[in-house]
Each structure stands twice: as structure tokens, then as C-alpha cells.
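J.: Have a look at the structure that comes next, please.
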Amino acid sequence: MPLNKKVLAIVLAGGEGNRLMPLTADRAKPAVPFAGSYRLIDFALSNLVNSRYLQIVVLTQYKSHSLDRHISETWRMSTQLGNYVASVPAQQRVGKSWFLGSANAIYQSLNLIHDANPDIVVVVGADHVYRMDFAQMVDQHVKSGAKATVAAVRQPLSMADQFGVIEVDQENPQKIAAFVEKPATTPGLAADPTQFLASMGNYVFDADALVEALHVDAERLDTKHDMGGDIIPYFVNQGDAGVYDFTLNDIPGSTERDRTYWRDVGTIDSFYDAHMDLISPLPVFNLYNSEWPIYTRQTISPPAKFVRGQKNTVGTALDSIVSNGVVISGGVVEGSVLSNDVFVGTRSRVIDSVLMDKVNVGEGAVINRAIIDKYVKIPAGAAIGLDPELDRARGFKVTESGITVLAKGQQVPEPGEEELALSARNLHLVPNAVKAATANYPDLRESVDQTAEIHAKTAAEVSPGARRS
């Protein structure tokens, strides 16, 4: 720990996550499941713990039951050593209002800072996917003499209107000259004119300076009580704000491919894309770095199982993440992430999709480019993600990019004849991984195509539609 400074970490986990609806209909955004076995908050907490910051408070507000339960069951520290991860709800300690913004959340919880009496306060968001050693950022903060330091990630200039933009002092690139929220344009970096520095929503403060800034903000009328929009500009105007370039952060076990990975998963599309980043043979973000582990609660589920289904159809998964308790019984899973205890039935197909805990996929069903929340039962022969209009007619959310989303426990109607025919037409598709493996072997590829046709014919013979006729 730099210069033996006492550090308190505060995790801001009170966001509603409206842009992630319907995944946030029943839970706070930081509690949304991710990557098969995790919750989004696990990344922030793992980074803090791996940085050896073991006094952590998590500020919650909206729909916090799922989040509170996860923290209490997973993040238990040794109290004998003074370590803790404490979930703290909005308590109306200052007036009768709930949290009015991220800065107000900390202001209403100043008792936590007074009780811990830290030298340094590290403030982080709870809904980003990345690895970061905060001790390196704190070290720069202390040495620089700044009272506030903002972590920044490099982004293309075309994305300037989506982030808080940091413009640095030309003579001192570690000092912030201006902090602008989502500008239409911004100058590029001197080292790379095609990029700018975007705020990651992670901050380091001298504790006394932060407390003073929060009191000043609470008295103002022209404020949204936001850490990025109000508190950081306050320090910038005083000349006391520094910037920490995320590209300087060195994580044990990381590679050049993933060491600067940072993903804001605040929308359905970015949430989906972040999952797709995980499943390539050389992933853009590597979950398997044991030198900087991402911790979570391990479920009491048996190992995953891949078995043959009716008429010996093969159960298999290609280019996918499969969690504990998953059973693939004669179905094919490709380019997907399956959470705990998912069941994939005979002759069904799951393609480029994310399935959360205890989703049940009936025989002959096809799921394509979809996110299916917990406990959803997909009827036999159903088609999801193949026809956007059909999906919308059944009450499913479909994004502009064509991703279909089902809410937790959402009911899926029994398929009609047209839907059964639609799913049957997609059962014979050869998986992309198999296409790539057989591309240079025409005879083998022909055999694969023939096998796929037989697979589809078998599926049609035993499909619910065939049995009805």
C-alpha cells in the first residue's frame, strides 16, 4: 500500500440500470448476472480485494435485495483482521430524500468515512468489466500531490459524446485541464490524435478534500450531485485534479491483448458484446487469469454434462462457456454463454446467445442471438431470435441490432405451426466452428453436410409439429 496510507473503498451500486431493461426489472444493475457464474459487481470488488484494499462499503438503493444477498453470501472477510465488505442502503441520514446522485449517495453516507477515518478514499462504479490494480493509481495520486485523481481509458474520438471527457494540461499530462460531460467533439491526444481520455468512473481522493467538496456540493442549487458531473469539475477548477492513464496499469498474468480491456455494459448491446468478447480461443478479455482472479459465489451444482439425446443425436458445445450444472442432452450450443443449471434438450440449437441460470430449452427449439434471463422455459419447437416481428408480437424485447431479450421467468407461448416450421428450417445449419475446421477438406465437409441433413430430418420426424399432424 503506497506510503502506508489508510484506504477506504466505496463502491457505487445504487443505479437503476434502465437501459438494461428487462434484465434490471427485478434487480439492481450491479446484480445482473454476467459470464455464466458472476454478477457485474464481482469485477469491481475483485479488483479492490486483489489490490489489497479490504475495507469496502457498497452503497445500494434500487431493488437491492438480490445484490445484498449476493454480497452477504459471497464477500465475507475476516472481521478479526478488520476487513469487511459492507452493503449499506440509503438511510435518509440527511433529510428525507433518497440518494439524489452518486455524490449525494456518499454525502448521505459520510458517517462511513468518519468511522473509518481513512487518509485516502477510492470510489469505484459497480457495473464495468475490467481488471485494474487500484494500488498503482493510489501510488500515483499520492506522489502527484493532487487531491482528486480520475482513472481514464483511451477511446476513439467518435465516441466522445458517450463519455465524460478528460482534457489534460499540455505541460503536465497527469493534470486535468478540463472535464467535459459528453461533448460533441474533443481534441485528440498528443500521443495518438485518434483517441481521447474517457473517465472510467473510478476516482481516488484525499479523504478530507472529498468531505469538503461534498459539503460544498450539498449547499449548491445548480448541481446534479454527480461525482463526474459536479465533484470532479470542482477539483479541476481548483487545479487539484489529476488523471491516471489506464494503459499504465500492469496486471499480473495479463497479456497485451487484454491488459487494457474495459467495457461499460450499460446497454443490452454492450452487455451482449461483452459476453461475445469472452468466448473466442484468444479472448479479448480473459476470465482464466489465475494471477488476478475474479471472485464469486460457487454454486452447489454438479459438473456440466454433454450426452446423446433421442435417436443418438449428439449433445455438444462449440466456442462456448458452459457453467456448472449444465446438461446438453442431444442439442448443439455454439458461440454462447450458459449459466448454472441450464438444460438444452434433444435436437435444439442455441447460437450466439446468453442463457442465465436454470433456463430450460425444449427439444427442437432454436435460440439465436438472444439473452434469456433466469428460470425461462422454452417450449419444444419454439423459435427465438429468428423473426424479430414474431418476437415482438410475443412481448419480447428486440434491440435495433436484432438481439432478443427475455425477462426473468417470462412466459413463452407454445409455438404455432408457422413457428414450428421456422425452427425446423434452422435445425440443419452446420455450426460455424465445424465449417471452419472442414473448410480445406471437401470430402469431410460433404460428410458433415449430409450428417446435418439427417439431423434435421430426424428432428422434423419427432418434432411437436410432426406429432400433431
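J.: Kindly express, to the nearest 10 degrees and within the range 0 to 90, the angle between helix 442-462's C-alpha long axis and the longest C-alpha principal axis of the chain.
T.: With rounding to tens, the tilt is 80 degrees.
J.: Round to a whole number: what % of the accessible area of the chain belongs to carbon and sulfur, probe 1.4 Å?
T.: 49 percent
J.: What net charge do the residues around His141 carry, taking every other residue with its C-beta under 15 Å from that of His141, with Lys and Arg at +1 and Asp and Glu at -1? Display every interim value, and only then the final one.
T.: Working: positive: Lys5, Lys6, Lys143, Lys147, Lys175; negative: Asp119, Asp133, Asp139, Asp206, Asp208, Asp240, Asp245.
Surrounding charge for His141 is -2.
J.: Taking 25 Å as R0, compute the FRET efficiency from the Cβ-Cβ separation of Tyr84 and Asn4 and round it to 0.05.
T.: With a Förster radius of 25 Å, E is 0.80.
J.: To test your reading of the geometry: what angle, between 0 and 90 degrees and rounded to tens, separates the Cα axis of helix 41-50 from the longest principal axis of the chain?
T.: 50 degrees
J.: To continue, here is another question. Choose one of Asn83, Ile328, Leu287: the residue whose Cα lies farthest towards the positive end of the charge dipole of the chain (beta-carbon charges +1 Lys, Arg; -1 Asp, Glu; about the Cα centre).
T.: Towards the positive end, the residue furthest out is Ile328.
J.: If you don't mind, another one. Please work out the ratio of the alpha-carbon Rg of region 285-365 to 2.2 N^0.38 Å and round it to two decimals.
T.: Dividing the Cα Rg of region 285-365 by 2.2 N^0.38 Å gives 1.13.
J.: Run down the lysines and flag those whose C-alpha is under 29 Å from the C-alpha of Lys29, throwing out any fewer than 8 positions away in its chain.
T.: Lys63, Lys96, Lys182, Lys224, Lys358, Lys374, Lys377, Lys397, Lys408
J.: Nearest 5 percent is fine: what portion of the DSSP beta bridges confined to the chain is antiparallel?
T.: In the chain, approximately 35 percent of DSSP beta bridges are antiparallel ones.
J.: Still on this structure: What does the accessible area of Thr79 come to, in Å² to the nearest 10, when a probe of 1.4 Å is used?
T.: That residue has around 110 Å² of solvent-accessible surface.
J.: How large is ³J(HN,Hα), in whole Hz, for each residue of region 271-278 in order, when computed from phi with the Karplus curve 6.51 cos²θ - 1.76 cosθ + 1.60 and θ = phi - 60°, using x for Gly and Pro?
T.: So the Karplus estimates, Gly and Pro as x, are 4, 5, 4, 4, 5, 5, 5, 8 Hz.
J.: Testing the spin-label approximation: label points 7 Å from Cα along Cα→Cβ at Asp115 and Ala421. State their distance in nm.
T.: 6.5 nm
J.: Further, regarding this structure: Taking H placed 1.01 Å from N in the peptide plane, check which residues at least 5 places from Val333 or on another chain put their amide H under 5 Å from its amide H.
T.: Residues meeting the amide H criterion: Thr316, Ala317, Leu318, Val350.
J.: Take the alpha carbon atoms of region 214-229, find their center, do the same for region 135-190, and report the distance between the two centers in whole angstrom.
T.: 20 Å
J.: What are the radius of gyration and Dmax of the chain, computed over its Cα atoms and given in Å?
T.: Cα-based Rg and Dmax for the chain come out at 24.7, 78 Å.
J.: Once you keep just the Cα pairs under 8 angstrom separated by 6 or more residues, what percentage relative contact order results for region 162-316?
T.: The normalised contact order for region 162-316 reaches 16 percent.
J.: Enter the accessible area of Glu219 (Å², nearest 10), with the probe set to 1.4 Å and all protein chains included.
T.: We get 140 Å² for Glu219.
J.: Oh, and also: Charges only on Cβ, +1 for Lys and Arg, -1 for Asp and Glu: so what's the dipole of the chain about the Cα centre, in debye to the nearest 20?
T.: Once rounded to the nearest 20, the dipole reads 1500 debye.
J.: Also: Show that you can apply the helix-only estimate: for the chain, add -39,500 (n - 2.57) for every DSSP H stretch of four or more residues, divide by all residues, and state [θ] at 222 nm to the nearest 500.
T.: So the calculated ellipticity at 222 nm is -7500 deg cm²/dmol.
J.: Here is a further query. For labels at Arg52 and Thr399 in the simple 7 Å Cα→Cβ model, what's the distance in nm?
T.: Taking the two extended label points, one gets 3.9 nm.
J.: A follow-up question, please. With the Cα gyration tensor of region 129-240 in hand, convert its eigenvalues to equivalent ellipsoid semi-axes via √(5λ) and list them largest first in whole Å. Write down the numbers at each step before the final one.
T.: Details: eigenvalues 100, 62, 35 Å².
After scaling each eigenvalue by five and taking roots: 22, 18, 13 Å.
J.: Right, next: What aspartates and glutamates could a cross-link reach from Lys147, if we take a straight Cα to Cα line under 18 Å and drop same-chain neighbours fewer than 8 places away?
T.: Hits, sequence-local ones excluded: Asp119, Asp139, Glu167, Asp169, Asp206, Asp208, Glu212, Asp217, Asp226, Asp230, Asp240, Asp245.
J.: What Kirkwood hydrodynamic radius do you get for region 259-315 when you take the inverse of the mean 1/r over all pairs of distinct Cα atoms, in Å?
T.: Its Kirkwood hydrodynamic radius stands at 14.7 Å.
J.: In debye, nearest 20, what is the charge dipole magnitude of region 162-222 about its Cα centre with +1 on Lys and Arg Cβ and -1 on Asp and Glu Cβ, if you could check?
T.: Around 280 debye, computed over region 162-222.
J.: To the nearest 10 degrees, how steeply does helix 134-144 sit against the main Cα axis of the chain, on a 0 to 90 scale?
T.: 30 degrees
J.: Given the options Ser66, Leu278, Thr399, identify the residue whose Cα lies farthest towards the positive end of the charge dipole of the chain (+1 on Cβ of Lys, Arg; -1 on Cβ of Asp, Glu).
T.: About the Cα centre, the residue reaching furthest to the positive side is Ser66.
J.: Still on this structure, please answer the following. With a Förster radius of 51 Å, plug the Cβ-Cβ distance of Val180 and Arg308 into 1/(1 + (r/R0)^6) and report the FRET value to the nearest 0.05.
T.: 0.30
The values are calculated or read from the model by the stated rules, or taken from the named source; none is laboratory data. Remember, it's a predicted structure, so these values are computed and weren't measured experimentally. Every residue, glycine as well, gets a Cβ built from its backbone with ideal geometry; the counts of neighbours run over all protein chains shown. Please note that ligands, DNA and RNA were not included when accessible areas were found on the heavy atoms of the full protein model with its side chains. Shrake-Rupley method; radii C 1.70, N 1.55, O 1.52, S 1.80 Å.
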